[in-house]
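Novice: Dropping the structure in here first, questions after.
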Amino acid sequence: MKPWLNTRIKLLAVLAGFLLLIQLINSLTGGSLIHLGIIPRTLNGLIGIPLAPFIHGSWGHLLGNLPPLMVLSALLLHRAIKEYLYASLFIIITGGLAVWLVGRDAVHVGASGWVFGLWGLLIAQGFFRRNLIDILISLLVLFYFGAMASGLLPVHQYISTESHIAGALSGALYAWLMNKHHKTTPST
């Protein structure tokens with residue numbers, strides 16, 4: 001296997017393994033990690049901004065987020081690993097901060113904000129970059145994950161629609177900022 005691909009597969013396997021391990025610990029401790037999620041407008045809730053994407057309320061919650069997280073991550077990893085890590089960090093921090101600022105009074109946990117951020121980023125990159133690969137990926141994401149747009153509507157009180165919206169906007173914002181940066185940075 002090519003080292004380029006091998007490295008990316010290992011990264012995704014480590015991420016999936018880490019999420020499964022965190023859920024196992026959470027399950028074995030009776031959900032003791034849930035309080036580390038984002039609790040809007042509280043000092044303690046700030047710790048949840050970087051932690052919430054890795055904590056899930058149940059195995060079903062994790063298994064609902066894990067497949068799209070892996071697929072969308074793999075699509076973004078067609079470029080540099082560093083770009084994926086920067087984008088993920090940006091989405092997690094800015095999306096989490098937005099949830100902390102405007103989210104309803106609840107504990108917000110789960111990777112869905114990150115998933116929606118990758119979704120928004122991959123779609124926006126096709127629009128901003130306008131190269132064939134990014135346009136094809138954007139169309140693929142729209143075709144296979146287009147139904148995710150319904151997750152932007154508040155239909156269930158136990159689903160953090162705020163995380164979905166904040167994630168999608170953070171991903172699109174990251175795409176716009178990177179496009180703007182590339183346009184103003186001279187090529188070497």
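The values are calculated or read from the model by the stated rules, or taken from the named source; none is laboratory data. Quantities reported herein were computed from a predicted structural model and do not represent experimental measurements. Glycine gets a Cβ as well: all are built from the backbone with ideal geometry, and neighbour counts include every protein chain shown. Calculation scope for accessible area: heavy atoms of the full protein, side chains included, ligands and nucleic acids excluded. Shrake-Rupley method; radii C 1.70, N 1.55, O 1.52, S 1.80 Å.
Novice: Checking PRO154 against (1) within 22 Å of ASN26 (Cβ to Cβ); (2) free of Cβ contacts under 8 Å to residues at least 60 places away in the same chain; (3) assigned to a loop (DSSP other than H, G, I, E, B), which single condition isn't satisfied?
Specialist: Exception for PRO154: condition (1).
Novice: Which residue is least open to solvent (accessible area, probe 1.4 Å), if the candidates are limited to segment 100-117 and must be assigned to a loop (DSSP other than H, G, I, E, B) and aliphatic (A, V, I, L, M)?
Specialist: ALA111
Novice: For segment 157-188, give me each residue that is open to solvent by 80 Å² or more (accessible area, probe 1.4 Å) and either part of a loop (DSSP other than H, G, I, E, B) or not hydrophobic (A, V, I, L, M, F, W, C) (or both).
Specialist: Matches in segment 157-188: GLN157, TYR158, LYS180, HIS181, HIS182, LYS183, THR184, PRO186, SER187, THR188.
Novice: Still on this structure, please answer the following. Being basic (Lys, Arg) and within 25 Å of GLY31 (Cβ to Cβ) is the filter here, so list the residues in segment 83-141 that pass it.
Specialist: Of everything in segment 83-141, just one residue is basic (Lys, Arg) and within 25 Å of GLY31 (Cβ to Cβ), namely ARG104.
Novice: Which ones in segment 137-156 are open to solvent by 90 Å² or more (accessible area, probe 1.4 Å) and either among the basic types (Lys, Arg) or more than 20 Å from LEU66 (Cβ to Cβ) (or both)?
Specialist: LEU139, PHE143, LEU153, PRO154, VAL155
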